[in-house]
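Peer 1: Have a look at this one.
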Amino acid sequence: MTYHNQESKGSGRNPLVIIGGTLLLAGAVILLIFGGALFGDGEALPQTALSEQPAILEETSPSTIQLAESGPPLQVGDRPYEFALKDLDGETVTLSRFIGRPVLINFWATWCGPCRIEMPEMQSVFEDYGESEGFLILALDQDESAADVGAPFDELDLTFQPLLDEDNETARSYGLQGTLPASVFINPEGEVTVIHRGVMTRGQIDDFLAETIPGKSLSGSSPIVDAG
């Protein structure tokens, strides 16, 4: 009641001015909220539509294939065992990060003469299929130092990935300890396609890749080969 008496006795304000100001304020609010729609701004979307848009920067989901740490000696059709090995710079490389690509795991050593014979053939295949097919070679040296391993890579101009299999742990888990050279091919689905014991020629590697890379024509090679 007190407020009413003060207003009625006169602050001197014109009621028309008050009403006009209120209408102008309401009009500004309406323009702010609906202006885009009223004036044809096609970029304005209702809030519900915005909330339904997919996240543009959502990261690609990682591979759902889980690799076991160890088990019985590998057979064709198995999933390879996981490993975490150092490269020549001391960085850790895991096999699981490459599932989804065709991979050759090659077990070798610098003192192994047959290993050196096949490495230029492997380099040739890597140059042919590394970029076009995503083909990757992981050369697991058996229990030698980074300096020792780096020397033949420099000498032979090898550009695929050397890794240090300390104490032959990975070779042992794969059932290939004491067999050099030895090679395991893995397809993009994460399955072992070929296990080869002994030196590989270029023609053999091509045949093995036909078993491993989807779309390559097969040449009738056996998936398990023992060169003696």
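The values are calculated or read from the model by the stated rules, or taken from the named source; none is laboratory data. Since this is a predicted model, take the numbers as computed values, not measurements. Methodologically, a virtual Cβ is constructed for each residue, glycine included, from the backbone with ideal geometry; neighbour enumeration extends over all protein chains shown.
Peer 1: Could you list, in sequence order, the residues of region 109-131 that are in contact (Cβ under 8 Å) with a residue 60 or more places away in the chain and either among the basic types (Lys, Arg) or assigned to a helix (DSSP H, G or I) (or both)?
Peer 2: Passing the criteria: PRO114, CYS115, ILE117, GLU118, GLU121, MET122, SER124, VAL125, TYR129.
Peer 1: Those residues that are under 11 Å from VAL76 (Cβ atoms), modelled with pLDDT under 95 and outside any loop (DSSP other than H, G, I, E, B), I need them from region 176-228; list them, please.
Peer 2: Once the filter is applied, which keeps residues that are under 11 Å from VAL76 (Cβ atoms), modelled with pLDDT under 95 and outside any loop (DSSP other than H, G, I, E, B), region 176-228 yields ILE224, VAL225.
Peer 1: Give the residue that is farthest from GLY198 (Cα to Cα), with candidates limited to residues of region 108-124 that are among the hydrophobic types (A, V, I, L, M, F, W, C) and touching an Asp or Glu at 6+ places or on another chain (Cβ under 7 Å).
Peer 2: ALA109
Peer 1: While we're on this one: Pull up region 72-106, narrow it to residues that are at positive phi and either assigned by TED's automatic domain parsing to the domain that holds MET122 or at pLDDT below 95 (or both), then point me to the one that is surrounded by the most Cβ atoms within 10 Å (Cβ to Cβ).
Peer 2: Going through the qualifying residues, I end up with GLY100.
Peer 1: Could you give every pair whose Cβ atoms fall below 8 Å, whose first residue belongs to region 201-215 and is at negative phi, and whose second residue is of a type in the set (Phe, Trp, Tyr), counting only separations of at least 6 or pairs across chains?
Peer 2: PHE208/PHE185; LEU209/TYR129; LEU209/PHE135; LEU209/PHE185; GLU211/PHE185; THR212/PHE185; ILE213/TYR129; ILE213/PHE135
Peer 1: To continue, here is another question. Search region 151-168 for residues being surrounded by fewer than 16 Cβ atoms within 10 Å (Cβ to Cβ) and either outside the structural domain of LEU209 (by TED's automatic domain parsing) or in contact (Cβ under 8 Å) with a residue 40 or more places away in the chain (or both), and hand back the single one that is farthest from ASP87 (Cα to Cα).
Peer 2: LEU156
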